[in-house]
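Every read-out reported here was derived from the displayed coordinates using simple, explicitly stated rules and does not represent laboratory data. Everything quoted here is computed from the prediction, not taken from an experiment. Cβ: placed from backbone, ideal geometry, glycine included. Neighbour counts: every protein chain shown.
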Amino acid sequence: MSRIATTFARLAKDKRKALIPYITAGFPFADITPQLMHAMVQAGSDVIELGVPFSDPMADGPVIQKAGEKALAAGVGLAQVLQMVRSFRDQDAATPVVLMGYANPVERYELTNGKTSFARDAAAAGVDGVLIVDYPPEECEAFAAQLRANGLDLIFLLAPTSTDQRIQQVARIATGYVYYVSLKGVTGAGHLDTAAVEEALPRIRKHVKIPVGVGFGIRDAVTAKAVGRVADAVVIGTKVIQVVEDQPRDNVLPALSTFLRGIRAALDSRE
C-alpha cells in the first residue's frame with residue numbers, strides 16, 4: 001500500500017480529515033524547503049503538496065505566481081525540487097509528498113534525462129504522487145502507466161464545471177486522491193461557498209471511490225472545519241504562501257507552524 005493510501009486509511013480509521021498544505025519549492029528562501037516540510041508535519045499536516053516552480057502557471061493566482069517567480073530566480077527547477085524531497089526523506093520516511101505543477105518542467109526534464117526519467121527519478125527521491133495541472137486524463141494514459149510502474153499516484157483536479165463524463169474519466173485513471181477545486185478561476189480567487197461544496201461532493205463520489213480533497217478558497221480555521229465536515233482532505237495553498245511570504249527568515253517556520261496548528265485543531269474539533 002502506498003504512503004498516500006496508508007495515510008488516508010489511518011485517518012479514516014481515526015475519523016479524522018487530512019490536512020494538505022501546499023508550498024512552492026524554493027520559497028520564500030531557496031534552501032528552506034526541507035525545513036518547511038518538516039515544520040508542516042510537526043504542525044499536524046498529513047500530506048505535503050510541493051509546487052514545482054514554472055514561468056507560466058495558468059491555474060495559479062498572483063500570490064502563487066509571485067512565489068514561483070522568486071523560486072525560479074533563485075535557480076530552483078525540477079531537479080532541485082527532487083533534491084529537496086531527498087533531503088526531506090533523510091528524516092521522514094512516512095509523510096506523503098505530492099509534486100504539483102505543469103507539463104513543461106516534466107517534459108523538459110525528460111528531454112535532458114531521457115524518456116520516463118521523471119517517474120523513475122521522482123520515485124527514487126521519495127515522491128509519492130504527482131498532480132500535473134495541464135495533463136487531462138484522456139491524454140496521459142502513457143504517463144499514468146509510467147507513474148504506476150514506479151509506485152507513484154497520479155492525482156487529478158475536478159471543478160464545479162466538471163461534467164459527469166469528465167468525472168468518470170478521472171475516476172478511471174486517478175489514484176491516491178482527487179483534488180476538487182471549489183471555485184471557478186485561479187488559486188486565491190473568490191469566496192468559498194461551503195454549501196456548494198457539500199452539494200458537489202456526492203456527485204463526485206458517485207464515480208470516484210478514492211478520497212476527495214477540497215482546495216481553493218480555504219483561508220482560515222472556520223472554512224477549513226466547514227470543508228472538513230464533508231471532504232476527506234482540506235488543501236490550503238495561497239494562504240500558506242501569504243503566511244510566510246513577508247516573514248524574516250527566523251520567523252518563517254514559527255509563523256507557518258502557528259497557522260497550521262490552528263487549522264489542525266479546527267479539523268480535529270468535535271464541536
Rank by packing, highest mean first: peptides 41-53, 142-154, 85-97, with packing defined as the count of other Cβ atoms within 10 Å averaged across residues. 41-53, 142-154, 85-97
Which links in 13/209; 206/239; 17/225; 17/209 stretch past 21 Å when you go from one Cα to the other? 206/239
Contour minus Cα-Cα distance for residue 249 and residue 42 (0.36 nm per residue): 72.7 nm
Could you give the length gained by full extension between residue 173 and residue 55, i.e. 0.36 nm per residue of separation minus their alpha carbon distance, to one decimal place? 39.7 nm
